[in-house]
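The structure appears right after this line, and notes come after that.
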Amino acid sequence: MAGKRVLVREDLNVPMAGGAIADDSRVRAAAPTLQHLAQRGARVVVMSHLGRPKDREAELSLKPVAGDLGRRIGREVRFAEDCVGEQAMSAVDALQSGQVLLLENVRYHKEDEANDAAFARQLASLGDLFVNDAFAASHRAHASVVGVASYLPAYAGELMEAELDALHRALDNPRRPMVAVVGGAKVSTKVGVLKTLLARVDSLLIGGAMANTFFKAKGWPTGGGLVEETALEEASEVAKAGGEKLILPVDLVCARKMEAGEALRVMEADKIEPGWMALDIGPKTIRLFSQRLRGAGTVIWNGPLGVAEIRDFSDGTRAVGEAIAGSGGFTLVGGGDTVAAIESLGLAGRFSWVSTGGGATLEYLEGKELPGIAILKEA
């Protein structure tokens, strides 16, 4: 390993605010792999995307991330102003054993998302080995995730291995009873996940705005709540397939507007009044869900159970999060909104594994093969 150029794909796609990192949990998650490679004397070359640049927008540069990454791994992280070409190559050539270089945003080049072979070859020319540590980007067949692995010996990084171990433990070898908690806004984006989970779990608890679509499919009034009209048939199918395993809220916290400081009322799930919208699960539902979670052997949680970013509508997500954390089972949390909720509600550090993947976790839960992982198996 000493002296070898190791090209590492990380997911450093962090939220930025005013040129600074708003949440560096992805940087923290990436640090161990990079630290260990550097300690073993590798010349570490890190690539990542940030946001969805249309051009080379300065606010989507990875430059501010280099400093934070350096603090997390305890050594200086150099920065290259591009990820391919003369600037990248000379920055890599200047690296000594144990030094770390961060390349500029790979998505500044349209060829990355297109999985362009020539671009992948240019990236691959910067390394002797390739390590994919970006589980959260591995559902995308991009040049920096998949293409590079065609030109270099490819391996999984520590974060990638830990993600896959946690998912394997939760899905393929679960302790029973196994409970899934799924929230969020849309049924359509999670219908595959719901169907796959129903075949495996003992109970599937549904919350968030997606519950409205299930209610509407039953013919219940949903007031002014968000309903996905195009997914009513899918919701009916899932409910039918789920039978008694599928548990919907029985009461809801409602307001006239989705704003802090509104008057709140708790209504039965089948009696939402016109002009009111469901924005959180109610106290009976919290008790029902908590009961199902007590003593669970395995819990998978994806999606908040209400509008958790507004304090007035966060009680359900917090209470169910507490119940999951206290269940005594193996607890796997996934999805960006869920992770943000547990951070803001003071639940961080209380789960067995918090996945860095949003879409990647969902696709894995759905049983889809992720291109970034498939290529490692081939390699």
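The values are calculated or read from the model by the stated rules, or taken from the named source; none is laboratory data. In this text the structure is predicted, and so the values were computed from the model without any measurement. For neighbour counting, all protein chains shown are included, and Cβ atoms are generated from backbone atoms with ideal geometry for every residue, glycine included.
Quick check on the stretch 312-325. Is at least one of its residues modelled with pLDDT under 95 and among the β-branched types (Val, Ile, Thr)? Looking through the stretch 312-325, none of the residues is modelled with pLDDT under 95 and among the β-branched types (Val, Ile, Thr).
All of ILE373, ILE342, ILE300 fail the test of being assigned by TED's automatic domain parsing to the domain that holds ALA263 and farther than 23 Å from ARG175 by Cα, apart from ILE342. Considering only the stretch 222-254, state which residues are in contact with a Lys or Arg (Cβ under 7 Å, 6 or more places away or on another chain) and of a type outside the set (A, V, I, L, M, F, W, C). THR222, GLU228, ASP251 - these are the residues of the stretch 222-254 that are in contact with a Lys or Arg (Cβ under 7 Å, 6 or more places away or on another chain) and of a type outside the set (A, V, I, L, M, F, W, C). Those strands (runs of 3 or more DSSP E) of the stretch 179-297 in which 3 or more residues are closer than 23 Å to HIS168 by Cα occupy 203-206.
Only one residue in GLY67, GLY85 is touching a helix residue (DSSP H, G or I) at 6+ places or on another chain (Cβ under 8 Å) and surrounded by fewer than 19 Cβ atoms within 10 Å (Cβ to Cβ). Which one?
Values: GLY67 fails: touching a helix residue (DSSP H, G or I) at 6+ places or on another chain (Cβ under 8 Å).
Within the list GLY67, GLY85, the selection yields GLY85.
Among residues of the stretch 302-329 that are free of Cβ contacts under 8 Å to residues at least 60 places away in the same chain and of a type in the set (D, E, K, R), those with a Cβ under 9 angstrom from a residue that is crowded, with 24+ Cβ neighbours inside 10 Å and in a loop (DSSP other than H, G, I, E, B), sequence gap 6+ or separate chain, pair up as ARG318/ALA308.
Of these, VAL27, VAL6, VAL44, VAL14, which one is under 20 Å from GLY358 (Cβ atoms) and not in a loop (DSSP other than H, G, I, E, B)?
VAL27 is the lone residue from the list that is under 20 Å from GLY358 (Cβ atoms) and not in a loop (DSSP other than H, G, I, E, B).
Residues of the stretch 199-217 that are surrounded by fewer than 17 Cβ atoms within 10 Å (Cβ to Cβ) and in contact (Cβ under 8 Å) with a residue 40 or more places away in the chain: ASP202 alone.
Just the residues that are within 14 Å of the chain's Cα centre (by Cα), surrounded by fewer than 21 Cβ atoms within 10 Å (Cβ to Cβ) and at pLDDT below 90, please, taken from the stretch 348-361.
To start, the set of residues in the stretch 348-361 that are within 14 Å of the chain's Cα centre (by Cα) comprises 353-361.
Still in the list and also surrounded by fewer than 21 Cβ atoms within 10 Å (Cβ to Cβ): 353, 358-359.
Across the stretch 348-361, the qualifying residues are GLY358, GLY359.
Which one of these is part of a strand (DSSP E or B) and either modelled with pLDDT of 95 or more or within 22 Å of PHE130 (Cα to Cα) (or both): ARG78, ARG72?
Details: ARG72 fails: part of a strand (DSSP E or B).
So the residue among ARG78, ARG72 that is part of a strand (DSSP E or B) and either modelled with pLDDT of 95 or more or within 22 Å of PHE130 (Cα to Cα) (or both) is ARG78.
A single entry from LEU345, LEU332, LEU365 fulfils the requirement of being among the hydrophobic types (A, V, I, L, M, F, W, C) and surrounded by fewer than 22 Cβ atoms within 10 Å (Cβ to Cβ): LEU345. Would you check if LEU50 is assigned by TED's automatic domain parsing to the domain that holds GLY127, crowded, with 19+ Cβ neighbours inside 10 Å and either part of a loop (DSSP other than H, G, I, E, B) or touching a residue at least 60 places away in the same chain (Cβ under 8 Å) (or both)? Against the criterion (assigned by TED's automatic domain parsing to the domain that holds GLY127, crowded, with 19+ Cβ neighbours inside 10 Å and either part of a loop (DSSP other than H, G, I, E, B) or touching a residue at least 60 places away in the same chain (Cβ under 8 Å) (or both)), LEU50 qualifies. With respect to the conditions (1) on the phi < 0 side of the Ramachandran plot; (2) crowded, with 20+ Cβ neighbours inside 10 Å; (3) within 18 Å of the chain's Cα centre (by Cα), PHE313 lacks only one, and its number is (3).
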